[in-house]
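Asks: Got a structure for you, questions after.
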Amino acid sequence: MIVSLMCFTSCTTNINTAAVIPVATPTAIHTVSAGLSQTNFSFSDKEQQHYQLQSAATISKLRHGHKEFTIDIVDAERSLIIVFYGYTGPATYTLTNQINGGDVRITLDKQYWDLALIPSLSCSLVIQTDEPTTSPGIDHMRGKFTCPTLPAGHSNISRHAVAIDNGQFDISINVES
């Protein structure tokens, strides 16, 4: 009986040891659930104004079979909105209002700059990564954007267009269809 007990104890120890071996998580899944969305960009003018916006709300969206794309980061009275139709995954896109509804709009307090004010202008968008997270229906996306000319809104104190050559974002995005 003592021999049987020793064998049982020995076998039990081996089974428990095997059970604690960690299992690797797939690298295609971003392990942070719906988290902070943020953007950094600078206006390329003589003052080199730099901005950082952050939002805990996940309001960016991929819709209509992942074709309609909206980045929406709102931080108090500041926001970045990038939209277009024709998303096919990580790639470089040219956003032109007349071609794909492409728009980039930046609001800072009561002033705004909007690509749609001159529909023939374009901006460049690079989606570097788009990965699922551990939260169902939420992807984690990183990318960058540039706008050679972003026209000033009618209510702006300064009516000067700005350029953005180093915009970056890191967001959570709702995948709706």
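The values are calculated or read from the model by the stated rules, or taken from the named source; none is laboratory data. Being a predicted model, the structure only gives us computed values, none of them experimental. Methodologically, a virtual Cβ is constructed for each residue, glycine included, from the backbone with ideal geometry; neighbour enumeration extends over all protein chains shown. Ligands, DNA and RNA are stripped out before the accessible areas are found, and what is left, the full protein with its side chains, is counted by its heavy atoms. Shrake-Rupley method; radii C 1.70, N 1.55, O 1.52, S 1.80 Å.
Asks: I'd like the accessible area for Leu80, computed on protein heavy atoms only with a 1.4 Å probe and all protein chains in place. Round to 10 Å², please.
Replies: 0
Asks: Counting only the heavy atoms of the protein chains, how much of Leu117 is accessible to a 1.4 Å probe, in Å² to the nearest 10?
Replies: Taking all protein chains as shown, Leu117 has close to 60 Å².
Asks: On to the next question. Excluding same-chain residues fewer than 8 positions from Lys110, which aspartates and glutamates have a Cα within less than 18 Å of its Cα?
Replies: Within the straight-line limit of under 18 Å, Lys110 reaches these aspartates and glutamates: Asp72, Asp75, Glu77.
Asks: Pull out the extension gain between His64 and Ile157, defined as 0.36 nm times the separation in residues minus the alpha carbon to alpha carbon distance; nm, one decimal.
Replies: Answer, rounded to one decimal: 29.7 nm.
Asks: Whose amide H sits under 5 Å from the amide H of Gly153, counting only residues 5 or more places off or on another chain, with H placed in the peptide plane?
Replies: Those qualifying (amide H under 5 Å, at least 5 residues apart or on another chain) are Tyr112, Trp113, Asp114.
Asks: Extension gain Glu77-Val126, at 0.36 nm per residue separation less the Cα-Cα distance, in nm?
Replies: Computed gain between Glu77 and Val126 is 15.1 nm.
Asks: Please turn the phi angles of segment 163-177 into ³J(HN,Hα) values with the Karplus equation 6.51 cos²θ - 1.76 cosθ + 1.60 (θ = phi - 60°), one per residue in order, whole Hz, x for glycine and proline.
Replies: 10, 10, 10, 9, x, 9, 9, 9, 10, 9, 9, 6, 9, 9, 7
Asks: Another question, if that's okay. Can you work out the FRET efficiency for the pair Leu36 and Thr88, with r the C-beta to C-beta distance and R0 = 25 Å, to the nearest 0.05?
Replies: E(calc), rounded to 0.05, equals 0.40.
Asks: Given H placed 1.01 Å from N in the peptide plane, which residues other than close sequence neighbours of Gln128 have an amide H under 5 Å from its amide H?
Replies: Excluding prolines and chain starts, which carry no amide H, the hits are Arg142, Gly143, Lys144.
Asks: Okay, moving on. Quote to one decimal, in nm, the extra length available between Ala116 and Gln98 on full extension: 0.36 nm per residue of separation minus the C-alpha distance between them.
Replies: Stretched out fully, the Ala116 to Gln98 stretch lengthens by 5.6 nm.
Asks: Show me, for segment 151-158, the HN-Hα J-couplings you get by feeding each phi into the Karplus relation (A = 6.51, B = -1.76, C = 1.60, θ = phi - 60°), rounded to Hz, glycine and proline as x.
Replies: x, 7, x, 5, 8, 5, 4, 9
Asks: Determine Rg/Rh for segment 28-167; Rg is computed over alpha-carbon atoms and Rh is the Kirkwood hydrodynamic estimate from the same atoms.
Replies: Rg/Rh for segment 28-167 comes to 0.96.
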